[in-house]
Structures are given as C-alpha cells and as structure tokens.
Amino acid sequence: MAGKAGTDKTKGKAKQMTGKVAGDRRSEATGRADQAKGKASESLHEVHDRARGAAEPVKHRQH
C-alpha cells in the first residue's frame, strides 16, 4: 500500500469506522467508496506494472 491509493484506503477505513461509531450511514458509505477507489487504483497500477514487465522481453527481441 503506497502513494495515493494507500492514502485513499486508509482515509476510507477511518471514515467508515467514524461513521459506524457515530451512526452516520453517509460517512460509512463514503468511507467504503474511498476504500474501493484505493483498491481500484492499486489494481490499475499492478496491471500497468505487469504489462510493462511483459513488454520488456519483446523490446529486447526486436533489437
């Protein structure tokens, strides 16, 4: 968990727990949304890194 994705997940978890304790469903939902945003961003970065890694051997073969 690093960068903005990690921040979104942490912020989301805090919002969700605060909402749960306070009985504020909107804060809970916003917190869950922030966590999902962070997870999606992490997944996107992971796919990007894997694609970059898969492209490396192809680059070397072309030269």
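Let me check against my output: what whole-number percent is the relative contact order of the chain, with C-alpha pairs under 8 Å and at least 6 apart?
Rounded, it is 34 percent for the chain.
List the lysines whose Cα lies under 20 Å from the Cα of Lys4, skipping any in the same chain that are fewer than 8 positions away.
Lys13, Lys15, Lys37, Lys39
Under a cut-off of 19 Å between alpha-carbon atoms, report the aspartates and glutamates in cross-link reach of Lys11, not counting same-chain residues fewer than 8 places apart.
Output for Lys11: Asp24, Glu28, Asp34, Glu42.
Ignoring solvent entirely, what values of log10 I(q)/I(0) come out of the Debye formula for the chain at 0.14 Å⁻¹ when each Cα is a single scatterer?
For the chain at q = 0.14 Å⁻¹, log10 I(q)/I(0) is -0.50.
FYI, it's all coordinate maths here, none of it is from the lab. Predicted, not measured: the structure shown is a model, and the values here were computed from it.
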